[in-house]
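> First the structure, then my questions, so here it is.
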Amino acid sequence: MPDFTTSAIHAGQDFDPTTGAVIPPIYFSTTYVQDGVGGFRGGYEYTRGTNPTRDSLQELLAAIEGGERAFSFASGLAAEDALLRAILLPGSHVLMGNDVYGGTHRLVDRVHVPWGVGLSTAEMSDLDEVRSGIRPGETKVVWVETPSNPLMKITDIAAVADIAHAAGAIVVVDNTFATPYLQQPLALGADVVVHSTTKYLGGHSDVLGGAVIVKEGAALDGQPIADRVGFVQFGAGAVSGPMDAWLTVRGIKTLGVRMDRHSENAQYLAENLVGHAKLQQVYYPGLPDHPGHELAARQMRSFGGMISVRLADGPTARRFAESMQWFQLAESLGGVESLVCYPAEMTHASVKGTALEVPDSVVRLSVGIEGRDDLLGDVLGALDRL
């Protein structure tokens with residue numbers, strides 16, 4: 001097998017056979033001429049179903065996650081929704097981590113639960129709680145984020161997969177924070193990986209997208225998951241457009257080198273923020289006293305670019321989030337530029353009053369690839385001004 005970065009640069013990216021162009025062209029066409037009725041050239045008929053640019057991204061995604069098939073969507077939530085509709089029926093149950101992206105919980109709770117799907121949450125780092133949360137005969141999906149958003153909890157993917165599979169459920173891992181460069185959930189036993197490709201895979205805060213990658217042979221109730229997701233992608237049509245697919249491919253080519261820098265910068269910041277008088281806690285799995293540190297060291301290449309911090313109270317946290325220069329106040333994450341987010345009122349506002357409610361004293365940092373001393377000085381300066 002080639003090195004990760006070799007695959008990230010070359011998988012699905014053959015040069016154009018007509019011109020020799022190193023970068024494959026973007027195919028904007030919505031339809032394709034047929035050689036007689038049903039005579040599709042290369043299998044292409046209509047771009048909602050297939051498109052060469054989207055196909056190249058999907059081949060690339062499958063290669064870097066070690067999956068059998070990948071599917072590209074218009075957003076991360078569109079990808080999650082397509083997966084859930086492909087595998088759930090009324091009466092199915094989803095067990096979800098108690099610290100996941102607020103939009104994921106909102107999707108299931110407010111779209112799928114009214115349709116008849118059951119939803120409950122568990123502390124995924126507690127394997128006994130995972131076991132007790134599974135409903136025999138009902139639980140179809142165990143949904144994991146590791147590291148989690150925003151409290152950076154670490155879940156043992158292999159152990160949760162063993163528990164879920166014994167109960168006839170599949171494991172879905174949202175690998176957005178870690179990326180396939182740092183963590184390979186399918187190799188650890190997960191059945192499906194989902195991504196907001198908007199984040200680290202795109203990497204430049206200029207493209208919206210999502211993805212589902214399915215492990216070879218993964219099935220639920222005897223039916224191949226990839227076939228079911230593929231039909232929903234085609235039948236419902238929430239596909240990524242050609243330009244979005246091309247921009248995501250462009251971003252993935254530099255994923256490895258970017259993640260190395262994100263991780264190095266975040267590690268530096270976390271180590272220098274620990275013990276600060278105005279911080280109650282620093283959440284980063286690269287710190288030796290993080291409860292998931294040893295597990296993260298085993299199942300990740302390094303610890304990623306996301307840090308959360310807890311301040312004295314909500315008003316203090318909000319002032320801190322609003323007072324930095326290089327860390328710009330915005331939702332999203334994973335771009336080359338650093339961002340700061342106040343989850344209680346931004347990314348996780350929809351989970352207030354639930355088990356996923358984020359303390360209002362927590363601030364999330366997406367550490368970019370700028371100079372590390374500039375970033376540290378920005379954070380320390382904001383703390384000094386409180």
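The values are calculated or read from the model by the stated rules, or taken from the named source; none is laboratory data. These numbers were taken from a predicted model, which means no experiment stands behind them. Note that each Cβ is placed from the backbone with ideal geometry, even for glycine, and that neighbours are counted across all protein chains shown. When the accessible area is computed, the model is the full protein with side chains, heavy atoms only, and any ligands, DNA or RNA have been set aside. Shrake-Rupley method; radii C 1.70, N 1.55, O 1.52, S 1.80 Å.
> Using only DSSP helix segments of four residues or longer, with each worth -39500 (n - 2.57), what per-residue ellipticity at 222 nm results for the chain after dividing by its residue count and rounding to 500?
Rounded to the nearest 500, the figure is -10000 deg cm²/dmol.
> For Cα pairs less than 8 Å apart in space and 6+ apart in sequence, what is the mean separation divided by the residue count of the stretch 166-216, i.e. the relative contact order in percent?
Relative contact order of the stretch 166-216: 34 percent.
> Let me ask another. Under 10 Å, Cα contacts only: if you run a Gaussian network model on the chain, which one of 16, 109, 191 comes out with the highest mean-square fluctuation?
Among 16, 109, 191, the largest GNM mean-square fluctuation belongs to 16.
> Taking the convex hull of the alpha carbon atoms in the stretch 95-135, what volume per residue do you get, in Å³?
So the per-residue hull volume is 44 Å³.
> Please list the non-local residues whose amide H lies under 5 Å from the amide H of residue 281, H modeled 1.01 Å from N, same-chain partners needing a gap of 5 or more.
310
> Just to check I understand the Karplus step: with θ = phi - 60° and J = 6.51 cos²θ - 1.76 cosθ + 1.60, what whole-Hz values come out for the stretch 276-292, glycine and proline as x?
Each residue's phi maps through the Karplus curve to give 4, 4, 9, 10, 7, 7, 10, 9, 7, x, x, 7, x, 8, 5, x, x Hz.
> Give me the compactness ratio for the stretch 239-382, meaning the Cα radius of gyration over 2.2 N^0.38 Å.
Normalised by 2.2 N^0.38 Å, the Cα Rg of the stretch 239-382 equals 1.09.
> Tell me, what is the Rg over Rh of the stretch 148-246, with Rh the Kirkwood radius over Cα pairs?
With Rg and the Kirkwood Rh in hand, the quotient comes to 0.99.
> Taking the dipole about the Cα centre of the stretch 136-280, with the C-beta of Lys and Arg at +1 and of Asp and Glu at -1, give me whichever of 137, 270, 217 is farthest to the positive side.
Result: 270.
> Under a 1.4 Å probe, what is the accessible area of the stretch 297-355 per residue, stated in Å²?
Here the per-residue accessible area is 42 Å².
> Also, I was wondering about something else. Sequence-distant or interchain residues sharing an amide H contact under 5 Å with residue 119, placed H: which?
94
> Any idea of the accessible area per residue across the stretch 45-174, 1.4 Å probe, to the nearest Å²?
Each residue of the stretch 45-174 exposes 33 Å² on average to a 1.4 Å probe.
> Strictly greater than 18 Å: what percent of every Cα pair in the stretch 1-124 meets that?
Summing the P(r) tail past 18 Å for the stretch 1-124 gives 67 percent.
> Could you compute how fast the chain diffuses translationally, taking Rh as the Kirkwood radius over C-alpha pairs and applying Stokes-Einstein at 4 °C with viscosity 1.567 mPa s? Give it in µm² per second.
This corresponds to a translational diffusion coefficient of 61 µm²/s.
> With no solvent and one equal point scatterer per Cα, compute the Debye intensity ratio I(q)/I(0) for the stretch 215-268 at 0.19 Å⁻¹ and report its log10, rounded to two decimals.
-0.83
> While we're looking at this one, here's another question. Taking a threshold of 32 Å on the Cα-Cα distance, which of the pairs 153/215; 253/352; 215/253; 140/253 fall above it?
Pairs exceeding the cut-off: 253/352; 140/253.
> Can you pull out the trypsin sites (Lys or Arg not before Pro) in the stretch 284-386 that DSSP calls coil and that have at most 15 other Cβ atoms within 10 Å?
In loop regions of the stretch 284-386 (DSSP not H, G, I, E or B), the sparsely surrounded trypsin sites (Lys or Arg not before Pro) are 352, 385.
> Just how many % of Cα pairs in the stretch 183-293 lie over 26 Å apart, if you round to the nearest whole percent?
It works out to 41 percent of all Cα pairs.
> Continuing with the same structure: In Å, what Rg and Dmax follow from the Cα atoms of the stretch 75-115?
9.8, 27
> Suppose a student asked you for the relative contact order of the stretch 82-204, using Cα pairs under 8 Å spaced at least 6 residues apart; what percent would you report?
After rounding, I find 22 percent.
> Then there is this: Could you state the angle between the C-alpha long axis of helix 157-166 and the longest principal axis of the C-alpha atoms of the chain, as a value from 0 to 90 degrees rounded to the nearest 10?
Roughly 60 degrees between the two axes.
> Still on this model: Over the chain, with every protein chain in place, what whole percent of the accessible area is carbon and sulfur at 1.4 Å, could you tell me?
With neighbouring chains kept in place, the figure for the chain is 53 percent.
> If Rh is defined by the Kirkwood formula over all Cα pairs and Rg also comes from Cα, what ratio Rg/Rh do you get for the stretch 324-386?
1.03
> Something else: Can you list residues whose amide H is under 5 Å from residue 176's amide H, if they're 5+ apart or on another chain and H is modeled 1.01 Å from N?
Distant-sequence amide H within range of residue 176: 196.
> Continuing with the same structure: Can you bin every Cα-Cα distance in the stretch 36-188 into 5 Å intervals starting at zero and give me the percent of pairs per bin, rounded to whole numbers?
2, 9, 17, 19, 19, 15, 9, 5, 4, 2, 1, 0, 0
> Treating only the Cβ of Lys, Arg, Asp and Glu as charged (+1, +1, -1, -1), what charge dipole size does the chain show about its Cα centre? Round to the nearest 20 debye.
In total the dipole reaches around 440 debye.
> Give the relative contact order (percent, whole number) for the stretch 239-386; include only Cα pairs under 8 Å separated by 6+ residues.
For the stretch 239-386, the relative contact order is 24 percent.
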